[in-house]
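First comes the structure, then the notes that go with it.
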Amino acid sequence: MLQTAGIHDCDEQVIPMLLEFGYRYVTDVLTEALLFADHAGHADINTDDVKLAIQSRVNHSFTAPPPKDFLLELAAKKNEQPLPLVGEKYGLRLPPQQFTLTN
């Protein structure tokens, strides 16, 4: 699957992660399809139940990224604001006392 996507070299942890994702996805889809079949009144899962479960999963789990033009416009607007000046303090800069764990 990785080779067909043009990936020939990857970290060895990627494959177990992909297998776990695939296992979870299939398990969740089939569990949801079983619920749909039970709701419809039949004991066995059919293709319509699986299609409905997949469509339900797609609608709630995966979202399309925003368009590139929108992101470029947002980045340009954000980059118009100058960064604050760096103060003339020396040494290690820590966050205010209320935001530290040792407070």
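The values are calculated or read from the model by the stated rules, or taken from the named source; none is laboratory data. Please read these numbers as outputs of a predicted model, since none were measured by experiment. Cβ atoms come from the backbone with ideal geometry, glycine included; neighbour counts cover every protein chain shown. Protein only, heavy atoms only, side chains kept; ligands, DNA and RNA dropped before computing areas. Shrake-Rupley method; radii C 1.70, N 1.55, O 1.52, S 1.80 Å.
Numbers below:
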read-out: Lone qualifier among Pro84, Pro95 - being modelled with pLDDT of 80 or more and open to solvent by 80 Å² or more (accessible area, probe 1.4 Å); value: Pro84
read-out: Single unsatisfied condition, Ile7 versus (1) open to solvent by less than 100 Å² (accessible area, probe 1.4 Å); (2) in contact (Cβ under 8 Å) with a residue 12 or more places away in the chain; (3) assigned to a loop (DSSP other than H, G, I, E, B); (4) hydrophobic (A, V, I, L, M, F, W, C); value: (2)
